[in-house]
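A.B. asks: One structure, pasted below without further comment.
The values are calculated or read from the model by the stated rules, or taken from the named source; none is laboratory data. Quick caveat: nothing in here was measured; it's all calculated off a predicted structure. All Cβ positions, glycine included, derive from the backbone under ideal geometry; neighbour counts span all protein chains shown.
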């Protein structure tokens, strides 16, 4: 096991030579950082960069996003997948505008109560939007600490990693430190077997083709194109049996993506 000072030097030296330029790292606007963090959930950076720029161009402020029709938000989101994230991001914007006068609070406990913001995302927002020295773990950070401190162990819990993250934290500039950790984590995954597989929390993402995610995505595309459709007319588009489709429709309705109006299905407003 390496000492914390040696570990920090390895990470900092790598970052000074190989930091990755990203548009959301060039801003201190909390709204734009929220957009990037939600987009980056379960989606890799190269896919996000172009969509992020387009999204910010269409919805330049949180007030624009709050008042936009959901169909416009979903249309701008196409290509990122996990459309429920777009619904939650819009709900987040609505709540910030209605309850916090359009200002995103620099308070982790408040952030965790808002739509789409969990433990890790609340931490990343505090660090990246407000440069607060909070402790959080996401997939790349987890991989870095496992690689350097748990090489001879399996099924590592985040509870074991958190004290090391706290000890290593740069409290003067946590924003850049976490950027450095994430960039180094990407480097590790590109050059070694993914250290994150040794985590107790590791879950391999299921294949997209033929999955419920693919069917949900197809339903959204159909509704964006047609406005509304009868449920029976969705079968040819999604190639799913009736019971499976009905279950997915119920799930999308619970998630706030779609609404049933008599025999028609449409995107929620």
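A.B. asks: Considering every residue within the range 18-25, establish whether at least one is part of a helix (DSSP H, G or I), outside the structural domain of residue 216 (by TED's automatic domain parsing) and surrounded by fewer than 14 Cβ atoms within 10 Å (Cβ to Cβ).
C.D. replies: Yes: the range 18-25 contains one or more residues that are part of a helix (DSSP H, G or I), outside the structural domain of residue 216 (by TED's automatic domain parsing) and surrounded by fewer than 14 Cβ atoms within 10 Å (Cβ to Cβ).
A.B. asks: Same structure again: With the requirement that a residue be over 13 Å from residue 134 (Cα atoms) and free of Cβ contacts under 8 Å to residues at least 60 places away in the same chain, what does the range 164-187 give you?
C.D. replies: 182, 185
A.B. asks: Also, I was wondering about something else. Filter the range 84-120 down to the residues that are touching a residue at least 12 places away in the same chain (Cβ under 8 Å), on the phi > 0 side of the Ramachandran plot and surrounded by fewer than 16 Cβ atoms within 10 Å (Cβ to Cβ) and list them by number.
C.D. replies: Listed by number, the list holds a single entry, 102.
A.B. asks: Now a separate question. Out of (1) out of contact with any helix residue (DSSP H, G or I) (no Cβ under 7 Å at 6 or more places or on another chain); (2) farther than 17 Å from residue 9 by Cα, the odd one out for residue 177 is which?
C.D. replies: (2)
A.B. asks: Might you check whether a residue that is at pLDDT 85 or above and within 23 Å of residue 268 (Cα to Cα) occurs anywhere in the range 191-210?
C.D. replies: No.
A.B. asks: Among residues belonging to the range 98-110 that are in a helix (DSSP H, G or I) and within 21 Å of the chain's Cα centre (by Cα), point out the one that is nearest to residue 122 (Cα to Cα). Before you say what the answer is, go through the steps one by one.
C.D. replies: At the first step, the residues of the range 98-110 found to be in a helix (DSSP H, G or I) are 98-100, 108-110.
Okay, now just the ones that are also within 21 Å of the chain's Cα centre (by Cα), so 108-110.
Working: 108: 6, 109: 8, 110: 9 Å.
Per the stated criteria, the residue is 108.
A.B. asks: Next question, about the same structure. Please find, within the range 126-149, the residue that is surrounded by the most Cβ atoms within 10 Å (Cβ to Cβ) out of those that are farther than 24 Å from residue 29 by Cβ and in contact (Cβ under 8 Å) with a residue 60 or more places away in the chain.
C.D. replies: 144
A.B. asks: Here's another thing I want to ask about it. I'd like to know if the range 44-57 contains one or more residues that are closer than 30 Å to residue 146 by Cα, in contact (Cβ under 8 Å) with a residue 40 or more places away in the chain and not in a helix (DSSP H, G or I).
C.D. replies: The answer is no; no qualifying residue exists.
A.B. asks: Residue check: is residue 123 closer than 16 Å to residue 41 by Cα, in the same structural domain as residue 27 (by TED's automatic domain parsing), surrounded by fewer than 21 Cβ atoms within 10 Å (Cβ to Cβ) and in contact with a helix residue (DSSP H, G or I) (Cβ under 8 Å, 6 or more places away or on another chain)?
C.D. replies: Values: closer than 16 Å to residue 41 by Cα: yes; in the same structural domain as residue 27 (by TED's automatic domain parsing): yes; surrounded by fewer than 21 Cβ atoms within 10 Å (Cβ to Cβ): no; in contact with a helix residue (DSSP H, G or I) (Cβ under 8 Å, 6 or more places away or on another chain): yes.
Here the answer is no, as residue 123 does not meet what is asked.
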